[in-house]
Amino acid sequence: MAIKPIIIIAGGGHKVRYLIDLIKDSFEIFVIDLNKDVLEKLPSYPNIHAIEGDATSDYMLRKARIDEAGYLIAFTDSEEVNYEISILGKRHGVANVISYVPTYKYLDKFSELGVLIVGGPKDIAQFVYNKIAHTKKAIGVGLGIGEIVEIVIDEYSPLANRRLSQIHLKGIRIGAIYRENDLIVPVGTTLVKPGDKLLLIGYPKNLKYALGVILSARVKFPMQYGNTVLGLIFKNKAYLSEIELLKNKTAIQYVKLMTTIKTTEKSSFVDEVEYLQSKDEFLEKISNDIFGMIMIEKCNMDFLTKMGLKVCDFYFVLKGIPEHIPVFVLSGKADYKKMFLYIFEDDEELIRKSIHTSVSIKYTLGIEFDIFVCEQDLKSNDSLTKKVNSIAQRIFSVYKMKHTLNTLKGNPVKVFEKLKRGYDLAVVGGFRRKNTLFKPNPICYIANSSGISVFSILK
């Protein structure tokens, strides 16, 4: 039996469970945390070890076998503490020390230590998973300009259960496949299976793009954002049925509910309930928690809200959460049968995220989706459609999926209102800005005015 490398995770709270779920098959994992509640809720596996204590203590790190560890992740919310942990890791000769840096205050010091830093709390788990657990890289092969990358294929990868003749990776060759104890020299008819290790050979630029596509799809929705979810119910607890549906059918593992409805009982699918005196209390309490996704009920876009004289719940929530956390606006649906991706903002990052997320939802929930592009500038000569088509072609070529873009022109809110008929769920990208009479924010209207559920990717 192969000996697994040791990874030590210091701090991280409930975020740790997401990281552990991704790397549990690849590492002997030691988690050090002062919070006993966090440790008690860790998955029960023989290779996961919980240590209650202070990770800045050399004694605690030795209990976690730091002298044998290949990786140390400083994952607390304090940059000072993470810096201290990183110093200890370097003193013990840990080859790979990674730190979460929420403020960049110690950026120069981390660089001097040679510590790999990650700036987004919700990104660190996926970063470690992509860069450590599932890829190994050799740089400067051949003429000194190529790279070889080893990647593990899991059941959610778009390459899984496909023959090589069906896989199109531009500028990249699959040099070998390792399956358990066998080496397979690949040919066109070779079937790629979950668990296979593939050696990819190519130019760094091509490999970087291909890995971005493959790794972003390897996990079930919403693992690319995180598997801890916060549900906010201020008016109607009937929306809980949709949260239950999503937890049962997706990779969500932890649901915390904040509600002002005192009669709301803790359901079997809810892990934690916190009652609020008013929704304003949400802003005070949310700062200490990190969630991959926020779920809220639809708010009433009445006259005052449309005028910008009253803040809608959607924008109210945005004020309290970090940037880039998506908001799932619930409609109370008991199931989803058809979905569409709606693109109206000319922003490449939003377009890419929207496409990747739609594909992830498709595979996780087993529903098809259509793509609609709204050209707001009637004289644009379909420039947004051309950009979306170019990005979509590259992404879908790896998934071996066909796609058809449907272009409409006009006001994005009015176009969306016409489109929503016949659909249960929409994926939409938009910008975080306040809705006013003279500068309305389409994403606020789209998320709250329709009768369907809307997954909002925000920037």
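The values are calculated or read from the model by the stated rules, or taken from the named source; none is laboratory data. Source: prediction; values computed, not measured. All Cβ positions, even for glycine, are placed from backbone atoms using ideal geometry, and neighbour counts span all protein chains on display.
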Checklist entry - Could you count how many residues in segment 53-62 are over 17 Å from G13 (Cα atoms) and without any contact (Cβ under 8 Å) to a residue 24 or more places away in the chain? => result 3
Checklist entry - What number of residues within segment 3-32 are of a type in the set (D, E) and at pLDDT 90 or above? => result 0
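Of everything in segment 160-178 that's buried (at least 17 other Cβ atoms within 10 Å of the Cβ) and touching a residue at least 60 places away in the same chain (Cβ under 8 Å), which residue is farthest from L207 (Cα to Cα)? It would help to see each step written out before you state the result.
We begin by selecting, within segment 160-178, every residue buried (at least 17 other Cβ atoms within 10 Å of the Cβ); these are 160, 162, 164, 167, 169, 172, 174, 177.
Checking which are touching a residue at least 60 places away in the same chain (Cβ under 8 Å) leaves us with 162, 167, 169.
Details: R162: 19, I167: 14, L169: 9 Å.
The extreme case among them is R162.
To keep it simple, each residue is scored yes or no on (1) over 22 Å from C299 (Cα atoms); (2) of a type in the set (D, E, K, R); (3) assigned by TED's automatic domain parsing to the domain that holds N161.
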site	(1), (2), (3)
L330	no, no, no
A334	no, no, no
K353	yes, yes, no
S360	yes, no, no
D377	yes, yes, no
T404	yes, no, no
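Given the options L341, L350, name the one that is crowded, with 18+ Cβ neighbours inside 10 Å, touching a Lys or Arg at 6+ places or on another chain (Cβ under 9 Å), over 23 Å from E284 (Cα atoms) and at pLDDT 65 or above.
Details: L341 fails: touching a Lys or Arg at 6+ places or on another chain (Cβ under 9 Å).
One residue alone meets the criteria, L350.
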Checklist entry - Got a number for residues in segment 353-363 being surrounded by fewer than 20 Cβ atoms within 10 Å (Cβ to Cβ) and charged (D, E, K, R)? => result 1
Checklist entry - Does segment 87-97 hold any residues that are modelled with pLDDT of 85 or more and within 19 Å of L19 (Cα to Cα), and which are they? => result V97
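Which residue is farthest from I325 (Cα to Cα), if the candidates are limited to segment 9-62 and must be of a type in the set (S, T, Y) and surrounded by fewer than 18 Cβ atoms within 10 Å (Cβ to Cβ)? It would help to see each step written out before you state the result.
Restricting attention to segment 9-62, the residues satisfying the condition of being of a type in the set (S, T, Y) are 18, 26, 44-45, 56-57, 59.
Retained after the next criterion (residues that are surrounded by fewer than 18 Cβ atoms within 10 Å (Cβ to Cβ)): 26, 44-45, 57, 59.
Details: S26: 28, S44: 29, Y45: 30, S57: 33, Y59: 37 Å.
Result: Y59.
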Checklist entry - Got a sec? Which strands (runs of 3 or more DSSP E) wholly within segment 104-184 have at least 1 residues that are at pLDDT below 60 and over 22 Å from T364 (Cβ atoms)? => result 135-141
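Here's the yes/no breakdown for (1) surrounded by 13 or more Cβ atoms within 10 Å (Cβ to Cβ); (2) modelled with pLDDT of 90 or more; (3) of a type in the set (D, E); (4) in contact with a strand residue (DSSP E or B) (Cβ under 7 Å, 6 or more places away or on another chain):
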position: E375; (1), (2), (3), (4): yes, yes, yes, yes
position: T385; (1), (2), (3), (4): yes, yes, no, yes
position: V388; (1), (2), (3), (4): yes, yes, no, yes
position: Q393; (1), (2), (3), (4): no, no, no, no
position: S397; (1), (2), (3), (4): yes, no, no, no
position: T407; (1), (2), (3), (4): yes, yes, no, yes
position: P412; (1), (2), (3), (4): yes, no, no, yes
position: F416; (1), (2), (3), (4): yes, no, no, yes
Next on the checklist: So for segment 40-52 (the condition being in a helix (DSSP H, G or I) and touching a residue at least 60 places away in the same chain (Cβ under 8 Å)), does at least one residue qualify?
Outcome noted: no
Next on the checklist: I'd like the residue in segment 63-99 that is without any contact (Cβ under 8 Å) to a residue 40 or more places away in the chain and part of a strand (DSSP E or B) and, out of all such residues, is surrounded by the fewest Cβ atoms within 10 Å (Cβ to Cβ).
Outcome noted: N96
Checklist outcome for this item: Within segment 27-39, of all residues that are in contact (Cβ under 8 Å) with a residue 24 or more places away in the chain and not in a loop (DSSP other than H, G, I, E, B), the one farthest from T228 (Cα to Cα) is E28
Checklist outcome for this item: Across segment 227-258, the tally of residues that are of a type outside the set (A, V, I, L, M), surrounded by 21 or more Cβ atoms within 10 Å (Cβ to Cβ) and farther than 26 Å from G366 by Cβ stands at 0
